[in-house]
Amino acid sequence: MTTSRLAIRATSTARSRSAGVLAATRDAEGKTARFMLSILRIRGAGETCGSTQVWWGLQPFGDLLRPRHMTTIPIDADGAVRRRSMVARGLPVTMLYRAVAAGDLDRIGSGLYVPAGAQSPDARHRLMIGEVKTSLRVVVSHASAAVLHGLPMLRPEFGDVHVTVPSESVRVRSEFRRIHVAILYPGDVVDLGGQCATSLERTAVDVAAASPMGFAGALAVFDAALRRGAHPGVLADLVRRRGATGTVRLALRHSSPCADGVGESWCRAQLLAARLPRPRLKHPLLDVCGEVLAEPDMDWDGSILGEFDGAARFGRVRVPGDSPLSAAWRAIARDDRLGRMGIRVLRFTWTDLERRDVALPCRYWLRRVGLLG
């Protein structure tokens, strides 16, 4: 049986000396509790009525209550609340300010709001980018361009929209904008859904140079760019032309399209930073009959295997129509078979990455099998 929430604000009257908030529920049969107050049905901050958000208020009226405001906050099709939509409907924009103060809306741009907690960081940033008027002289760049390209990043910062302009004389609204001054060549600018943005290769180089995660952040974005078809020669030329640091050049040299995500890239970055041998990526291991035993994220000479995010290992061996239990047994059987062959499997999770606990076990087992002096 579904229920809906009714909210009632009680005021001091001759019959009631205290003020407070009372609540009643109404079931599907329409039964309600009886109060000597007028009742209005309200909707929560996350509910919508058609394309509008419904907001109610109550004020005293004798011994009862009556509506004080019965207005709507328009929500656009993309899930955003825009001040211009309020103005177009003749609604007071002060409602937005009150909703922000109450924690029901988050302000993410000039005249741009979203319901609190209703959008992912990427989705919010896309809404912010959509409010930027771009041209060949005002180009979306850096982390913002990476969002448009669908380029994964390691711990990105989405506070402002990044734009690149050729000189400081170009006028750009500064609120919620981070301005970069640089010369962009014709090949550095592409059109993405009607927005002028830096190319995939230029975006990867910019993000790598500015990543707060240093070598790991640069390696992660270069891996992702190569995985999405970036040209290695163009990347190398941009790194050279930009005069990038040694960290960025080193990350590009070790980058590979075989890494499946930023977690694997971060894992490999910790190994390289510890000066351990460079592992092979996604190299299939075959048995004597030529059947594939495993295709690990990384391995050293087939003796030590490294896989990121051990919690998802059962899904990797799951086949269509397979149950989670049978997939788990298959994964355990595979690991046992590898163990009987003398192959050690090391698994790493996000917790290991956060604690920087990846290099130590790898160093130990590489020494055990004689691959590290």
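The values are calculated or read from the model by the stated rules, or taken from the named source; none is laboratory data. Predicted model, so just to flag it, every value in this text is computed and none were measured. Virtual Cβ from ideal backbone geometry, glycine too; neighbours counted across all protein chains shown. Each accessible area value is taken on the protein alone, full model and side chains, heavy atoms only, with ligands, DNA and RNA left out. Shrake-Rupley method; radii C 1.70, N 1.55, O 1.52, S 1.80 Å.
Quick rundown of the values:
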read-out: All positions within segment 121-178 that are within 27 Å of GLY261 (Cβ to Cβ), crowded, with 16+ Cβ neighbours inside 10 Å and charged (D, E, K, R); value: ARG124, ARG126, ASP160, ARG178
read-out: Verdict on ALA244 being part of a loop (DSSP other than H, G, I, E, B) and either without any contact (Cβ under 8 Å) to a residue 40 or more places away in the chain or not polar (S, T, N, Q) (or both); value: yes
read-out: GLU295, sole failed condition from (1) in contact with a Pro (Cβ under 7 Å, 6 or more places away or on another chain); (2) over 18 Å from ARG330 (Cα atoms); value: (2)
read-out: Count of residues meeting criterion [of a type in the set (D, E, K, R), touching a strand residue (DSSP E or B) at 6+ places or on another chain (Cβ under 8 Å) and farther than 23 Å from ARG242 by Cβ] in segment 115-161; value: 2
read-out: Odd one out for SER256 among (1) touching a residue at least 24 places away in the same chain (Cβ under 8 Å); (2) open to solvent by less than 60 Å² (accessible area, probe 1.4 Å); (3) part of a helix (DSSP H, G or I); value: (3)
read-out: Lone unmet requirement of (1) in a helix (DSSP H, G or I); (2) within 17 Å of the chain's Cα centre (by Cα); (3) buried (at least 20 other Cβ atoms within 10 Å of the Cβ) for MET86; value: (2)
read-out: Residue selected from segment 191-223 under the condition on the phi > 0 side of the Ramachandran plot and either part of a loop (DSSP other than H, G, I, E, B) or among the acidic types (Asp, Glu) (or both), by the criterion nearest to the chain's Cα centre (by Cα); value: GLY193
read-out: Candidate set: segment 287-346, residues that are aromatic (Phe, Trp, Tyr) and at pLDDT 70 or above; chosen: the one surrounded by the fewest Cβ atoms within 10 Å (Cβ to Cβ); value: TRP329
read-out: Tabulated pairs, segment 351-362, first open to solvent by 90 Å² or more (accessible area, probe 1.4 Å), second assigned to a loop (DSSP other than H, G, I, E, B) and at pLDDT 95 or above, C-beta under 9 angstrom, 6+ apart or interchain; value: LEU360/ALA274
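Residue by residue, here is whether (1) at pLDDT 95 or above; (2) hydroxyl-bearing (Ser, Thr, Tyr); (3) surrounded by 15 or more Cβ atoms within 10 Å (Cβ to Cβ); (4) over 25 Å from GLU201 (Cα atoms) holds:
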site: ARG227; (1), (2), (3), (4): yes, no, yes, no
site: ALA230; (1), (2), (3), (4): yes, no, yes, no
site: ASP237; (1), (2), (3), (4): yes, no, no, no
site: ARG242; (1), (2), (3), (4): no, no, yes, no
site: VAL248; (1), (2), (3), (4): yes, no, yes, no
site: TRP266; (1), (2), (3), (4): yes, no, yes, no
site: LEU272; (1), (2), (3), (4): yes, no, yes, no
site: LEU281; (1), (2), (3), (4): yes, no, yes, no
